[in-house]
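Reviewing the structure listed below.
Just so you know, all these numbers are worked out from the coordinates, no wet-lab data involved. Bear in mind that the values here come from a model prediction, so they are computed numbers and not experimental data. No Cβ is skipped: glycine too gets one built from the backbone with ideal geometry, and neighbour counts run over all protein chains shown.
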Amino acid sequence: MTAVTITVLILLIVGFITVVTILQLKEQARIEKLRQIAALNNQIRQVRRYLDDMPPQYQPKDMRLWLLSRKIALYEKLLSLQADGTMARRRDNLAEEMETFQASKQKRRAKPISDELMILDIRRLFDSFKSFLMSSKTEKTISSDVVHRYNRLLHFYHFKVSSDYHAYLARKAFLSGQFDESTELYKEALAQLNPVKDTIEAQPAVAKLKDLLHEIIEDIALQKAEAEIAKHEDVKKEAELDNEWENYINSESFQQKKRF
């Protein structure tokens, strides 16, 4: 075998190895790109769940704005890996929604906590959101101070969601005229906040529940007083009628009619 032949074979082998290596690198890059796309789609679905499933009363405006901004940023990353017209429109619509929400002064309507299964689902959502906050902090997409503040809120919300459930039942009982049951349920709603009652976050909720409870107790007392007055008036009227009848039958005209 001549030197030329050996050189050609070596070149062919090197060329083959180079091609295989390039193909492997391209395949690895393709797989990595797909992995990144899948991870970004998962994060987008995760943020969408927080935005859609977390009741408005547990989602302050600045928290919702941050979540909207995170979703937009995720769409941007996704578009840099995979150009897509539909995705671009979603990104634009989301940016418009965020701008409208930021400018709006209207408070979002609270969602009633109407059963205990909702409490479990919402608490699981809080736990998931805490993990998301920590990963966002690691990625430096949110500051430590904001994470600390949101964690304090989530700790308060963990108890408030149960308090809101009992307050919901209390209001239903009140509207049904079951005032004593309503009072007990409002007391239970207050009791659910006991572990966090001294925190700044809990103060407005505690004060509101105390005011509602005081109003109901006053209302019950007023109704009892009115019922007592009405009963007294009925007794008084009945006594007056008895007196009138007694006076009538003892009167001279009644005696004349009796003799007739």
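Structural remarks
- The order of the peptides 71-77, 112-118 by mean Cβ neighbours within 10 Å, most packed first, is 71-77, 112-118.
- Among the listed pairs Lys105/Lys208; Lys107/Lys197; Lys130/Lys172, those whose Cα-Cα separation exceeds 27 Å are Lys130/Lys172.
- Averaging 1/r over each pair of different alpha-carbon atoms in region 114-164 and inverting the result gives 11.6 Å, the Kirkwood hydrodynamic radius.
- Cross-link pairs Lys71/Lys140; Lys111/Lys140; Lys111/Lys187 - those with Cα-Cα distance over 23 Å: Lys111/Lys140
- Principal axis extents of the C-alpha atoms in region 1-152 (largest first, rounded to whole Å): 87, 31, 31.
- In this label model, Gln24 and Lys197 are separated by 6.8 nm, measuring between points 7 Å along each Cα→Cβ vector.
- Taking only the C-alpha atoms of region 128-205, the Rg (one decimal) and the largest Cα-Cα distance, Dmax (whole number), read 16.7, 54 Å.
- The gain in end-to-end length when the Gln36 to Glu184 segment is fully stretched comes to 48.0 nm, 0.36 nm per residue minus the alpha carbon separation.
- Point-to-point label distance, Arg109-Asp127, nm (Cα→Cβ direction, 7 Å offset): 3.2
- Computed E for Asp52/Lys224 - FRET, C-beta separation, R0 41 angstrom, nearest 0.05: 0.30
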